[in-house]
1. Return yes when K269 is of a type outside the set (A, V, I, L, M, F, W, C), within 9 Å of the chain's Cα centre (by Cα) and either closer than 20 Å to E127 by Cα or surrounded by fewer than 22 Cβ atoms within 10 Å (Cβ to Cβ) (or both) and no when it is not.
2. Given the options K240, K253, name the one that is more than 27 Å from G325 (Cβ to Cβ) and touching a strand residue (DSSP E or B) at 6+ places or on another chain (Cβ under 9 Å).
3. How many residues are under 13 Å from the mean Cα position of the chain (by Cα) and part of a loop (DSSP other than H, G, I, E, B) if we restrict to segment 212-234?
4. Checking A244 against (1) buried (at least 19 other Cβ atoms within 10 Å of the Cβ); (2) of a type in the set (G, A, S); (3) modelled with pLDDT under 95, only one condition comes out false. Which one?
5. Give segment 198-212 a look and list any residue that's closer than 16 Å to V121 by Cβ and in contact with a helix residue (DSSP H, G or I) (Cβ under 9 Å, 6 or more places away or on another chain), or say none.
6. Output the number of residues of segment 76-91 satisfying the condition of being surrounded by fewer than 19 Cβ atoms within 10 Å (Cβ to Cβ), out of contact with any Phe, Trp or Tyr (no Cβ under 8 Å at 6 or more places or on another chain) and in a loop (DSSP other than H, G, I, E, B).
7. Restricting to segment 146-162, name every residue that is in contact with a helix residue (DSSP H, G or I) (Cβ under 8 Å, 6 or more places away or on another chain), in a loop (DSSP other than H, G, I, E, B) and under 16 Å from T227 (Cβ atoms).
8. Examine segment 316-334 for a residue that is farther than 24 Å from Q110 by Cβ, at pLDDT below 95, among the basic types (K, R) and in contact with a helix residue (DSSP H, G or I) (Cβ under 9 Å, 6 or more places away or on another chain), and state whether such a residue exists.
Amino acid sequence: MSFLKIKKAWDQIPSSQVTPEDSYVNRRRFFKQLGFTGMGLPLVAGCTEEIEEPGGSTGPYRQVPRFWVQQWEVLFPAAANARFKTERGVTDEKITTGYNNFYEFTTTKQRVKDMVEGFEVSPWKVEIKGAIEKTGSYDLDDLIRMGQIEGRLYHLRCVEAWSANVPWTGYPLSQRIEQLNPSSDARFVPFVTILRPDQMPGQAGLQAYSWPYYEALSMEEAMNELTLLTFGVYGHPFNKQCGAPVRMVMPWKYGFKSIKSIVLIEFTKRRPRTFWSDASDEYGFWANANPRFDHSRWSQATEVFLNTNQRVPTQLYNGYQDFVGHLYPEDDRQYFY
């Protein structure tokens, strides 16, 4: 299909709303400040740290993670794909890394960043199985090299009616699926998050939920060019609170569909169950953003944009109608909850 050109509203964005380019482009300074000088980088444990630049000033990478960096200097930051831009500028990294829905740790968004230090993200494996020819268990370092990673600036919209503009790093999931040779029975793609209640206190404390977290896409959604298997944010590997070390991002859907800390990807014939549709009748399988269809307890017509804390109109499919509108009947409510 052909796509309409996205409106260039970013051309008029005030400079005060845009993250400085070197905060996610200068890869050499990033790794030197982490104490690495080239290839053959060791595996390092830890969470985040403030980086001091020459002259004593606090640099743009004050929130960068210092874990599981292994021979990735040539990968981060990845070149940005200029096709994917958003209105209203990039959300400041400090906001994005300090306001996280990650119930595996806590339901309080501002506290997640303070509870992830004991979460171990290395070593990490992702099992891929089901109706495909090439099943197996993949090390993270292998998985990240199985596609052409790039930077994409996406508009993230939460079902709770807040939003942010986030620069992700990853590659289209379709690149990996094509390598796996799926059969005609591969109609849906379920994902599962890791289960570690000893490291993720929300899994231990929130016993009303059916842990581990599980989500799913249709095969058509999984193959869509927007669907990003994601390994980093703001030009560096993930902070733990953002879904380390690998998550999904589907920008036309409400954020709870973008499952974090993935350990299983499966291909099935039957539509699988999903975490929030099992937990509450307020959520369905599809979860596509549409301002016309309200949540049962609040309006979805507007959202609070975290850059400014101002309320702005919600767009159909979160602004990505040209990419995914052909997948759904627009007037059928079931495709939005």
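1. Details: of a type outside the set (A, V, I, L, M, F, W, C): yes; within 9 Å of the chain's Cα centre (by Cα): no; either closer than 20 Å to E127 by Cα or surrounded by fewer than 22 Cβ atoms within 10 Å (Cβ to Cβ) (or both): yes.
So K269 fails the test.
2. When all the criteria are applied, what remains is K240.
3. Total satisfying the criteria: 3.
4. Unmet condition: (3).
5. D198, P212
6. Taking segment 76-91 as the starting set, the residues that turn out to be surrounded by fewer than 19 Cβ atoms within 10 Å (Cβ to Cβ) are 79-83, 87.
Now drop any that are not out of contact with any Phe, Trp or Tyr (no Cβ under 8 Å at 6 or more places or on another chain), which leaves 79-83.
Subset that is in a loop (DSSP other than H, G, I, E, B): 79, 81-83.
Going through segment 76-91 one residue at a time, the tally reaches 4.
7. M146, G147, Q148
8. no
The values are calculated or read from the model by the stated rules, or taken from the named source; none is laboratory data. Only a predicted model underlies this, so the values are computations on that prediction, with no experimental measurement involved. Quick reminder, even Gly has a Cβ in these numbers, built from the backbone with ideal geometry, and neighbours come from all protein chains shown.
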